[in-house]
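Every number here is computed from the coordinates shown, using simple stated rules; none is lab data. Computed from a predicted structure; not experimentally measured. Methodologically, a virtual Cβ is constructed for each residue, glycine included, from the backbone with ideal geometry; neighbour enumeration extends over all protein chains shown.
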Amino acid sequence: MANELTFIMIKPDGVQRGLVGDIISRFEKKGFFLKAMKMVQVERSFAEKHYSDLSTKPFFGALVEYIISGPVVAMVWQGKGVVATGRKIIGATNPAQSEPGTIRGDFCIEVSRNVIHGSDAVGSAQKEIALWFPDGIVDWHSSAHPWIYEN
Ligand code: IDP
Ligand code: MG
């Protein structure tokens with residue numbers, strides 16, 4: 001669906017390392033539309049909620065420390081297949097397995113410092129967008145739409 005939404009977050013290492021512009025640029029150039037964006041340093045309880053599905057994993061504590069260690073850039077992107085294609089643009093979870101040309105393949109080394117989050121399914125995207133943007137997202141339509149979509 002052309003109006004599919006995904007939640008993308010540039011993690012604290014991505015912000016500190018000056019990767020924000022490059023990451024946004026990759027999604028923009030692909031033809032996806034930015035529908036919401038904010039920089040925020042989240043509380044521990046909020047990070048635990050975002051990653052609640054992973055709460056039993058041995059790395060959960062370190063993951064939460066990592067996410068609250070500095071500001072993140074939270075975004076909503078829209079476009080046809082943006083959830084699955086967004087995951088491809090991001091690359092495999094462990095940067096050692098991420099293909100060159102993906103964000104993680106190009107920019108990082110360690111799974112615990114892998115610079116970016118992207119929703120893994122349409123349903124989790126909806127939950128994450130509701131968590132991070134409870135006041136909603138921006139309703140705008142790009143004039144480039146017909147240059148990217150046939151219909
Ligand atoms: P994803 O970010 O590719 O969706 P998930 O399995 O949902 O991967 O894990 C969430 C995050 O937890 C990863 O992006 C990574 O930062 C961290 N993580 C995943 N597996 C490990 C691990 O084995 N050790 C340390 N951190 C991990
Ligand atoms: Mg995940």
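A few comments on the model shown:
- Pair list, Cβ < 6 Å and 6+ apart or interchain, from region 104-119 residues that are surrounded by fewer than 16 Cβ atoms within 10 Å (Cβ to Cβ) to residues that are outside any helix (DSSP H, G or I): 109/95
- Here residue 139 meets the list (1) assigned to a helix (DSSP H, G or I); (2) closer than 22 Å to residue 31 by Cα; (3) not hydrophobic (A, V, I, L, M, F, W, C) almost entirely, failing just condition (1).
- Residues satisfying the stated conditions in region 60-97, i.e. of a type in the set (Ser, Thr, Tyr) and within 14 Å of ligand 1 (Cβ to nearest atom): 66, 69, 93
- Each residue in region 1-60 was checked for being free of Cβ contacts under 8 Å to residues at least 24 places away in the same chain, in a loop (DSSP other than H, G, I, E, B) and closer than 20 Å to residue 82 by Cβ, and 0 of them qualify.
- For region 56-85, a tally of residues being polar (S, T, N, Q) and within 15 Å of ligand 2 (Cβ to nearest atom) returns 1.
- Which numbered condition residue 10 misses (of (1) away from ligand 2 (no atom under 16 Å from the Cβ); (2) within 12 Å of the chain's Cα centre (by Cα)): (1)
- Check on residue 135, surrounded by 13 or more Cβ atoms within 10 Å (Cβ to Cβ), among the charged types (D, E, K, R) and either away from ligand 1 (no atom under 12 Å from the Cβ) or within 18 Å of residue 1 (Cα to Cα) (or both): no
- Output for region 63-97, where each listed residue is more than 30 Å from residue 145 (Cα to Cα) and assigned to a loop (DSSP other than H, G, I, E, B): 68, 69, 70, 71, 93, 94, 95, 96, 97
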